[in-house]
1. Of the candidates B:E172, B:E184, B:E280, which one comes out as most mobile in a Gaussian network treatment of chain B with C-alpha springs shorter than 10 Å?
2. May I ask for the accessible area buried between chains A and D, both sides summed, probe 1.4 Å, to the nearest 100 Å²?
3. Could you work out the helix-only [θ] at 222 nm for chain A, with each DSSP H run of four or more residues adding -39,500 (n - 2.57) and the total divided by the number of residues, to the nearest 500 deg cm²/dmol?
4. Quick one: with all protein chains in place, what share of the accessible area of the protein assembly as shown is carbon or sulfur, to the nearest percent (1.4 Å probe)?
5. Top to bottom by accessible area (1.4 Å), largest first, where do C:F69, A:F339, A:F217 land?
6. Could you rank the peptides B:350-361, B:219-230, C:72-83, A:188-199 by their average count of other C-beta atoms within 10 Å per residue, with the highest value first?
7. So, with +1 on the Cβ of K and R and -1 on the Cβ of D and E, and no other charges, what is the size of the charge dipole of segment C:11-124 about its Cα centre, to the nearest 20 debye?
8. Using label points projected 7 Å from each Cα along Cα→Cβ, tell me how many nm separate D:Y111 and A:I332, to one decimal.
Amino acid sequence: MERLILDIAHLLVSWLTGRGMAPVWADLLLLLLQWGTVLAIVTLNVLILIWLERKVSGFIQERLGPNRLGPFGVFQTIADTLKLLTKEDIIPTQTDRWIFKTAPMFFIIVAVMLYAVIPMGQDMAIVDLSAGLLFFISVGALSTICILMAGWGSNNKWSLLGAMRSVAQMISYEIPLAFSLLGVVMITGTLNLGEIVKAQDKVWFFVLQPLAFLTYFIAATAELNRGPFDMPEAEQELTAGAYTEYTGMRWALFFLAEYTNLVAVSALMATVFFGGWQGPLLPSWIWIIIKTYLIMLVFMWLKWTFPRIRMDHLMSFSWKVLIPISLINIVITGIGIKFIQGMGW
Amino acid sequence: MLQTDEYTINIGPQHPSTHGGLHAEALMDGEIVKDVAVHLGYVHRSVEKIAESRTYTQFIPYAARLDYLASNLPCLGYVQAVEKLLGVEVPERAEYIRVILGELSRIAAHMLFVGSLAIDLGATTGLVYCLRDRERIMNLFEMTSGQRLIAAYMRIGGVSADLPEGFITAVEGVISDLPKMVKEYDGLITGNEILQARCRGIGILKPELAVAYGVTGPNLRASGVPYDLRKADPYGIYSRFDFDLPLGSRGDCLDRLTVRLEEIEQSGRISAQAVKDIPEGEIMGKVPKVIKPAQGREVYHRIESAKGELGFYLLSDGSEKPARLHVRAPSFINLMVLPHISRGGKLQDIIANIATLDPVLGEADR
Amino acid sequence: MEKLDHGRETPWTKLAEDAGIEFTAVSDPFFTYLSVSPAALHALMGILKQRLGMNYLADITAVDHGSEFEVVYHLYAIPDNGRRLAIKTRIAREAAVLESAFPLYPTADWQEREIYDLMGISFSNHPNLARVLLPDDFKGHPLRKDYRKEGG
Amino acid sequence: MSLADGVFFLIAAFTLAAAAGVVLSSNIIHSALFLILTFLGVAGIYFTLDAPFLALVQVLVYAGAVAVLIIFAIMLVMSTPAHQSNRFQPNRVTLFLGTLLAGLLTATLVYIGLITQPALAPVGPSGADMIGILANLMLGRYVVAFEAAAVLLLLAVVGAIILARGVEEK
């Protein structure tokens, strides 16, 4: 079980090369196959996630949630997706057409790219990048621009305001996000996510770096634009903010990308702070799925419990609380590492 | 400061957080509110004109549609105004029934206030809990008149039907659960740090400003002014009941929330006393078949509705239809201070301010 | 409503007479009001507000009496001091202009706009006399008795 | 031509096309967005040169942060309608200066190409060690320059705050 997926991949490559294909092309084919799998998993996952989110919100709000289509309403999201697909794609006349049209596509591309470096099991990262963590942070930062494109392209005051809020928020929260991960990097001495997972075989970084985990968790919620930090969307104030003018599939793409981001960030959190794919008995790739889903449930719990924070509070919280805390964490970690080295352990 | 362009942003008339067809036009400098202009009339039905072509009794359902979130209260105000005009005595039992239903309506309206404030601030779950509990009160209304939301249960001279079997125990059940419900809202909504940060010190309504602009009801009491018509100018049998006036100290959004939460409990207290003391007997007083008040008689009757002072000015020309009916709508007048409490705040504060001023547009626009 | 005994000194009779304002006090079992000319209206309201603490203008409304409009002001005090009073004034239909009560009672702002909107009485010195409930391009004033009605 | 070469040419073509978009689009916001694509293309070239760290810093700093800054600055100062905000407005001085600059750059590039021998093998260490070496260099040999840059940036931040807050008008 443990090596099931890897074995399939190796079997495929050896079969292809055995048929006289150049190894380079076989690898390329494998890469394409891997991306295809990721895309399939992402889309399927989002369907499940939206259903799960509804069920969780229903549970929190003492409702049933979707329960008509299929057992426990599992086909509800499929029906909704079909509805969105068949809806008219309205592009308002005064929009900046190209930006308006491409923004959701770029958003989803960026979201899917995040999966490249996450180890989805032992030796199961698509690209085993030496600076994998940095890849995650820097590519994640690009989603800001996609929301900015959506807000600007819509040519709507609500949208622009939502986009501006989102940009200000993401730029502010990027800093504590990166800083909180630095503590882990200092301990392991690597940016490679596989190495970071391996370094947690005895104790999770969640235990060693509780402050960093807390700051990362909050900053990640903000990066994901999820409640209580869902500023760019903020339907009660900005009437869906940057996404106000979007309809049908383009709107659904934003939705898709947001959930894709959610899975990616949760998976990274599991990887960096909760031992990644490591776990007893079950195969590694099942462990990471379990951990990711548990973290996502916490995100959902937060969203459905908390009111939305105010924009200026949000900014001052990042600059006056989170960044100092993450800096303190770096200092403490540095002292700790020196101390342990000094003790000769 | 960096010079930036001011721009206007239209909150409503189609907007998730305006509680109906309200249009607030905000002049913004970035996220800071420079001014707000309120435009009304999107649900204007000219109720006052309609009244002139309806008999006194026919108008009752229209009154119920004024403040449709607490429909028994505007009905009560209207029928009491007509009773005053006619000089009709209302039987004791009917008075008690009116008090019970009026206070239950107030509780229902305040519950919806708490829930809608929560959802306006982004806490979706808060609404559902409040709606769940409001449902129990709606069921009580259904027991009395068959109508849940806009019950035209009040009649000139009494109420339309006697209380059904089991109503009193059902009311007692709801009332005894009220403290538990309020505690739950406190935990989920009032106790939340983010909500407190968004409400404390936001939209401060100074008592002087509130009185000058005629703000009444919980909004006025949240500013620390002890003025409640149930105590200041008791109508019906309210002087018999023992209850406290919850008061705020800062006049901000948080006070407007906590005052209403406490009022839920106080209304529960009044209903409990009414339920305990309710006598047996008639439910309709002696009312003429055709209601024709003497010519030239006029009356201004005001009650404490869920939103504030709800007044009915009635003028009779001796016919069976009123010559003039005017509704002093608290929602309409309370909304006047929205620009004053929103200036200098943030965009998100406007939403909190609208939610805590608690206008019902059906009443404001009439 | 407070009952008014004819002939008995009431707080406002003395104050108003000192200021030289003429009015008639009328009372029936349900309603007590002072009838005053439009010119003296604001002087009277000013006295009531300053001397008697009637700082709360609960309601303004207008009635169409054919050739004349009657405007009714309901004055109270917050916190309640037992003083309740209505003031009435009549103006001719052709010259339906009154001075705005806004400087004394800011709450008159929208209430006067509503009267202007629905009854067509203008208020001089009002900061923003525009229609409040009906659209700006609406023709006519629906609460006037001669306003055409369609349907029921 | 190997696969790597193909990838390089693909990325290079993409980068050039994006750069052309920056110059040619008449909407300055479009230009700024094309600039982001250009940055991403350059990052791709770094990747093909086996310098992933540099590439990622390029994405994070230029495509992520600097580009947003540029867009913000444009929106802040933009006074003309967006669709003609980046019109080509020829005038002799700018034409002359632009041609001169472009000529100089091209000449330099050609000259460098002529005097250096193309390095066929990777010139330095790659992958994981590179980050460590980079860190050692920055905080060792070039620490003064590194810190000076940091202080400069700090000054810039302080200046920006002062500009944004403005002077109290008496």
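The values are calculated or read from the model by the stated rules, or taken from the named source; none is laboratory data. Worth saying up front: this structure is predicted, and the values here are computed from it rather than measured. Positions of Cβ are backbone-derived with ideal geometry, glycine not excepted, and every protein chain shown enters the neighbour counts. Quick note on the areas: whole protein, heavy atoms, side chains included, nothing else; ligands and nucleic acids left out. Shrake-Rupley method; radii C 1.70, N 1.55, O 1.52, S 1.80 Å.
1. Looking only at B:E172, B:E184, B:E280, the biggest GNM fluctuation is shown by B:E280.
2. Values: alone 17330 and 13230 Å², together 28550 Å².
So the buried area, both faces added, is about 2000 Å².
3. Working: 14 runs with 240 residues, N = 345.
Rounded to the nearest 500, the figure is -23500 deg cm²/dmol.
4. Values: 29250 of 45370 Å².
Exposed carbon and sulfur together represent 64 percent of the surface.
5. Numbers: C:F69 0, A:F339 120, A:F217 35 Å².
Largest accessible area first, the list is A:F339, A:F217, C:F69.
6. On the way: B:350-361: 26.8, B:219-230: 23.9, C:72-83: 18.6, A:188-199: 20.8.
Ranked from most to least packed, the peptides come out as B:350-361, B:219-230, A:188-199, C:72-83.
7. On the way: 9 positive and 15 negative charges, 76 e Å.
Charge dipole, segment C:11-124, about its Cα centre: 360 debye, nearest 20.
8. Label at D:Y111, label at A:I332, 5.6 nm between them.
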